[in-house]
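All remarks here apply to the structure that follows.
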Amino acid sequence: AGSIKMMSLISLCICLPFYDRVLQPALKKITKHENGITTLQRIGLGYLFSILFAAVAGLVEQQRRASALSHASADGVAPMSVFWLFPQLMFLGMVELFGFVGHIELYNKEFPEKMRSIANSLFYLCVAGGTYLSTLAVSIVYRVTGKHGQPNWLGNDINAGRLDYFYFLIAALGVLNFVYF
């Protein structure tokens, strides 16, 4: 389970040199911008990839749940590989490439030199705040769903719950965030 995170790191390690050596020079020729795209466009791409990450995670979860429910009467083992997680984790690597790196690039290029360390610190403070907000979102979804005899989306039995709905909710919130951005 601990090595699953390596999938997003592998996609990041493959795509970062590709972006720097191939895509960025090609974009420079097209856009005439020194970096190919602006820092805000790079952050916007990060937001788009986060939406794709959540949507693909929801689709994969739908497949996993359907497979698990169809094999529940047999031996209970769903014939899905862990590599079904690769597409969504690849998008997570793209979120890191464009979103996180874009934010840090924004702080280091656009902020005055005396404010850069504070800006970088605030970035990590915002990441920590986002973690608390995601905990709040999980708590709200847990309390709101599962009423009237329906299973909770995030219950202990992952096959009875609807984790796919939660991923789609996160994707919808990502769309709202992108529109606000």
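Being of a type outside the set (Asp, Glu) and not in a helix (DSSP H, G or I): is that true of ALA160 here? Step through it out loud before you land on a result.
Numbers: of a type outside the set (Asp, Glu): yes; not in a helix (DSSP H, G or I): yes.
Taking the combined requirement at face value, the residue satisfies it.
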Worksheet item: When residues of the range 122-181 are filtered for being under 30 Å from ASN108 (Cα atoms), free of Cβ contacts under 8 Å to residues at least 40 places away in the same chain and aromatic (Phe, Trp, Tyr), how many remain?
Response: 4
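Restricting the search to the range 119-149, which residues are under 25 Å from THR38 (Cα atoms) and either among the basic types (Lys, Arg) or out of contact with any helix residue (DSSP H, G or I) (no Cβ under 9 Å at 6 or more places or on another chain) (or both)? Can you show your working first?
Of the residues in the range 119-149, the ones under 25 Å from THR38 (Cα atoms) are 119-127, 130.
Within the range 119-149, SER121, TYR124, LEU125, GLY130 qualify.
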Practice prompt. Working carefully through the options PHE53, PHE18, find the one that is under 16 Å from PHE98 (Cβ atoms), aromatic (Phe, Trp, Tyr) and surrounded by fewer than 19 Cβ atoms within 10 Å (Cβ to Cβ).
Written response: PHE18
Discussion item. Testing PHE168 on (1) touching a helix residue (DSSP H, G or I) at 6+ places or on another chain (Cβ under 7 Å); (2) within 22 Å of ALA55 (Cβ to Cβ); (3) open to solvent by 90 Å² or more (accessible area, probe 1.4 Å), one condition comes back false. Which one is that?
Written reply: (3)
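Could you grab me the full set of residues in the range 28-48 that are assigned to a helix (DSSP H, G or I) and open to solvent by 40 Å² or more (accessible area, probe 1.4 Å)?
First, the residues of the range 28-48 that are assigned to a helix (DSSP H, G or I): 28-31, 39-48.
The answer is LYS28, LYS29, ILE30, THR31, LEU40, GLN41, LEU45, TYR47, LEU48.
Can we say VAL60 is over 12 Å from the mean Cα position of the chain (by Cα), under 23 Å from LEU176 (Cβ atoms) and either touching a residue at least 12 places away in the same chain (Cβ under 8 Å) or in a helix (DSSP H, G or I) (or both)? Working first, answer last.
Numbers: over 12 Å from the mean Cα position of the chain (by Cα): yes; under 23 Å from LEU176 (Cβ atoms): yes; either touching a residue at least 12 places away in the same chain (Cβ under 8 Å) or in a helix (DSSP H, G or I) (or both): yes.
Yes; evaluated as a whole, the condition is true for this residue.
Quick one: would you say ARG42 is of a type in the set (Lys, Arg), in contact (Cβ under 8 Å) with a residue 12 or more places away in the chain and more than 30 Å from GLY161 (Cβ to Cβ)?
On the way: of a type in the set (Lys, Arg): yes; in contact (Cβ under 8 Å) with a residue 12 or more places away in the chain: yes; more than 30 Å from GLY161 (Cβ to Cβ): yes.
Yes, satisfied.
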Worksheet, complete the sentence: So, first residue within 16 Å of VAL95 (Cβ to Cβ) and touching a residue at least 12 places away in the same chain (Cβ under 8 Å) in the range 1-15, second residue of a type in the set (D, E, K, R) and surrounded by 12 or more Cβ atoms within 10 Å (Cβ to Cβ), Cβ within less than 8 Å, six or more apart or across chains; the pairs are SER8/GLU96; LEU12/GLU96
Fill in: Matching residues in the range 119-157 - criterion: being part of a helix (DSSP H, G or I), of a type outside the set (Val, Ile, Thr), open to solvent by less than 70 Å² (accessible area, probe 1.4 Å) and farther than 24 Å from GLU96 by Cα
SER139
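Would you mention how many residues in the range 171-181 are part of a helix (DSSP H, G or I) and farther than 12 Å from ALA55 by Cα? Full working, then the answer.
Keep residues of the range 171-181 that are part of a helix (DSSP H, G or I), which gives 171-180.
Next cut, farther than 12 Å from ALA55 by Cα only: 176-180.
Of the residues in that region, 5 qualify.
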Worksheet item: Has the range 103-118 got at least one residue that is part of a loop (DSSP other than H, G, I, E, B), out of contact with any helix residue (DSSP H, G or I) (no Cβ under 7 Å at 6 or more places or on another chain) and farther than 26 Å from MET7 by Cα?
Response: yes
Item to complete: Any chance you could count how many residues in the range 4-47 are of a type in the set (Lys, Arg) and touching a helix residue (DSSP H, G or I) at 6+ places or on another chain (Cβ under 7 Å)?
Response: 1
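The values are calculated or read from the model by the stated rules, or taken from the named source; none is laboratory data. Remember, it's a predicted structure, so these values are computed and weren't measured experimentally. All Cβ positions, even for glycine, are placed from backbone atoms using ideal geometry, and neighbour counts span all protein chains on display. When the accessible area is computed, the model is the full protein with side chains, heavy atoms only, and any ligands, DNA or RNA have been set aside. Shrake-Rupley method; radii C 1.70, N 1.55, O 1.52, S 1.80 Å.
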